[in-house]
Every structure is written in C-alpha cells, then in structure tokens.
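First the structure, in the form of structure tokens, and then the observations on it.
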Amino acid sequence: MEAFGLLVQGFAVLLTWKTLALMMVGLVLGIFVGVLPGLGGPNGVAILLPLTFTMDPTSAIVMLSCIYWGALFGGAITSILFNIPGEAWSVATTFDGYPMAQQGRAAEALTAAFTSSFVGSLVAVLLITFLAPLISSFALKFGPPEFFAVYLLTFCSFVGLGREDKHKTVISMSLGLLLAGVGMDTVSGQLRMTFGSLELLRGINFLVAVIGLFGISEILLTMEERLALRGHAAAISLRVVLSVWKDLPKYWVTLLRSSLIGCWLGITPGGAIAASFMGYNLAKRFSKDPDSFGKGRIEGVFAPETAAHASGTSALLPMLALGIPGSGTAAILLGGLMVWGLNPGPLLFVEHKDFVWGLIASMYLGNIVGLVLVLTTVPLFASILRVPFAAVAPMIVVSCAIGAYAIQNAMFDIWLMLGFGVVGYVFKKIGIPLAPFTLALVLGSRAEDAFRLSMIGSGGDIKVFWSNGLVGSITTLAILLLFWPVIDSAFSRLWRPAKISN
C-alpha cells in the first residue's frame, strides 16, 4: 500500500502541462530515432542529453526516458516493414514480422509488436514499483561469474533449442565470436586482429554489422531474385487492432514467459538482445507447431518484443536502486543524474522521493501514451509499403549509410556495413542462419570479459562457476540446454520401448 501511495504522489508530480508536453516530444523523437537504422535509443538519448541540462531533473529524466520508450516502440517498424532492425534487439522480430508483412499482414504484425511491447514494459514497471527492494538485493549478488553464466545460458539455449542444423548454428556463432574479439583487449590492453588498421582499434560495432547483415543483404537478394519492386499492401483499420487484442489471451503463456525472461535479464543484467533471442527460442521450442515459426507466425512477434521491452524497462531498476546501469541507455541516464546532482542508490528513494516516483509514474503514462501514438500512426508507416521498391531501395541504402556513419562518425563503418551486407547475402544463399552470428557478435566481448575476470579472481579455477547456488544453477541449466537434443533423444528412446511394452 505504501508503494501505491507513493505512486499516486508521483502522478501528482507528473501531471502538469509542461511535463506532459515534454513527454509527447520525447515519444515522437524516440519513435523517429528508433525507426532510423543505427541511431537507436542509446544514441538518441546521448545526443539529446545536453539539451536537458537547463531543465529541472524531473522534466529532464521524463523527456529522456520517453525518448527511450519511443525508440523501443519504433525499433519494430523497420524490422517488420523492411527486414532492417531499427535496434539490435529487434533482430528476432524480423524472423516472423517481415514474413507477415510479405503476406499482406503488416498492420497485424505492427499491432502485435506494439501491444506486446506495452505488455512487457508494463510487467517490468509493476516489478519496479512493488518489488524494488527484493530485486535490487538480488542484482547485488551478480559478479563476473554470474554474468558469464547468463551469457553462456543464452548461447547454449540458441544451440540446444534452435531448430536449424546444429553444425550451421555453431559455425555461425563461432564466426561471430571470432569477430567480437577484433580490436583492443579490454582486460590486457593488447591489440587483436587489427592487422595494422587504426580503424579496427575500436573493434566491430554490432549495430554496423546488423544494418549490413539484414538491411543491405535483403536489398541484394531482392535485386537478384527480380522480385516485383513494390511495397506490400497493408489494410489498416480498427478491426485489425481489435482482432489482435482479442487473440491476446491465446498467447498469455508466451507473453508471461517472455516478460519474466526480459525482467530477469534486464535486472541481472543480461540485456534486451539476449532476452529477445531467448524469448523467441523458447516460444518456438514450446510451440505445438514450431515449424511455422519464421514463416509469419504472430507468436514469433509477441515473444521477442515482450522480452526485449521488459528487459529494457527493468534495466532502469538497478540503475536507480544501486547505481549499476543495466543497459547502455541506463548508463547514459546515470550520467545525467550525476550532472543534475542526484546520486543513484538506495538513498535516492529516501532523499528524492518526488523525483523517483515521478519517473516511475512516467513509465506507466509514457507507455500508455506511446502505445496509442504508434497505433494511430501505423497507417503513416504502413503506407511506405505502397511506395515502389525501386524508389525505396536507394532511400534505405542511404538511411543505412547515415545510420552506420552516425554511430562513430567514421567513414570506415560504411564500408564495413557494405561488407557485412555481402556476408549476409552469402549466408542466406548457403543456408547459414544469421541470428547466431549476430548474437555472438553482440555478446561475445561481454562474455569474454566476464569469463576472464572470473578466471583471474579464482586463480584459474573453473569451479568458480559452481561456487554458489545462483551461478551454479545457471551454469548447470546452460549445459543442459546445450545438450538438450541428445537428452531429448535419449528420453525418447527410453520412453518408446516402455510405451510399446505397455
């Protein structure tokens, strides 16, 4: 009841014309940066952060957080309409969202993405509101071994639960892990695989890779296959929205499971990228018709979007409660709090109650307003599909190039993007899945850092990954998932003779 009373006070702080106006501006800007490939929420928040230094802390953090919510919503738009992830965590959304758009179901896919985003964020905000002390104490237990165990769990679940050929998944993931090691070693400071190139000192930015792998390769395939160069028509109506909402109860297990996965990986933090892939894989694994995934299954949109948005929202909890940023955007917001003279941590909830609960209230209101805003502007984005592809393709390439350049202001990244476009094209032609490659490239360096720090801290003793119940349970689960096909096959063989004898 105390949390409810404080939340009411937060709404009282929030509900002013000035704050509501800043919320709308933040949401619109966020949707824009989410749609633009390569820019994304963290970069958009970082670019606009200096504009808020003259505002009071509550107004500033509300505007920046709404930019984040808008980017979370907007990242699904290009993923579904053009198979180009607006955000790295939107990659899994392309697996079924884009096929739905090709089938003329773009409005249904977009509505599913926006609605599931709202559901995931709502579950995360409820956790932040009512379970903050418990969750913050849990997050405090995570060190390098626990972080590595989470990353290992993500990799193993992709290999063990995926439906693609295992050897192709391993090849794809291995190449991603190899490229993740390019650049300066963050532990020892040594250079690796730079070949004397100054541009490679920074390593390979995963957003540049994602834009090329999914955006440029799709354009190359479309040109080669001589498909009709026109957009896919999409009929948008209130009936479509209500139809998707009516079917939501059918997928309550998927929505709940993905929400819990997202909250767990956001708080720990494993990240929205890992959450989206894990949510998608588990939905596919437990589906009665797993072969339908990747062919336009609406559940394949619900799962990753719910998990990603639950993770992205819940990542703010350890930042507020402990001063530990759970994501890139949370780290940028943490810097903003420091500038405004606010020290994140347990005392923030005591010394600045109005600020904290005003921010939490903005999470509720921002997600509700954001859902209404994106749903009412769906016709605007879906109308892009009616533009001839011959006219849209150059615009997409230019947009991808701008997005790739804007990440680090480096011309080299544009060439790198084109190179990854060719790699993505070749992978699609020979049947190697792109998702494991992307996942390994994104999480590889983080997993390596966590592993090496664990080894340094334990003196090289591998038993550190079973040193306590938390890390031991996660590591054991990861190994079980890695060998799940073998375990499942063994159980099937044992069960079949018993069933026949009975």
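The values are calculated or read from the model by the stated rules, or taken from the named source; none is laboratory data. Nothing here was measured: the structure is a model prediction, and the numbers come from that model. Here the Cβ positions follow ideal geometry from the backbone for every residue, glycine too, while neighbour counts run over all protein chains shown. Remember, those area values only see protein heavy atoms, side chains included, never the ligands or the DNA or RNA. Shrake-Rupley method; radii C 1.70, N 1.55, O 1.52, S 1.80 Å.
Quick notes on this structure:
- Cβ-based net charge around residue 144, under 9 Å, with every Lys or Arg adding one and every Asp or Glu removing one: -1
- In this simple spin-label model, placing a label point 7 Å from the Cα along the Cα-to-Cβ direction at both residue 17 and residue 202 gives a separation of 4.4 nm.
- Per residue, the convex hull spanned by the alpha carbons of the range 400-498 comes to 183 Å³.
- Taking 82, 195, 293 and ordering them by how much accessible surface each has at a 1.4 Å probe, largest first, produces 195, 82, 293.
- For the pair residue 490 and residue 398, label points projected 7 Å from Cα toward Cβ lie 5.9 nm apart.
- The packing ranking, built from the mean of other Cβ atoms within 10 Å per residue, places the peptides 142-153, 467-478, 65-76 in the order 65-76, 142-153, 467-478, highest first.
- Pairwise FRET efficiency - residue 463 versus residue 223, Cβ, R0 = 56 Å, nearest 0.05: 0.55
- Extension gain for residue 171-residue 55 works out to 36.7 nm (0.36 nm per residue, less the C-alpha to C-alpha distance).
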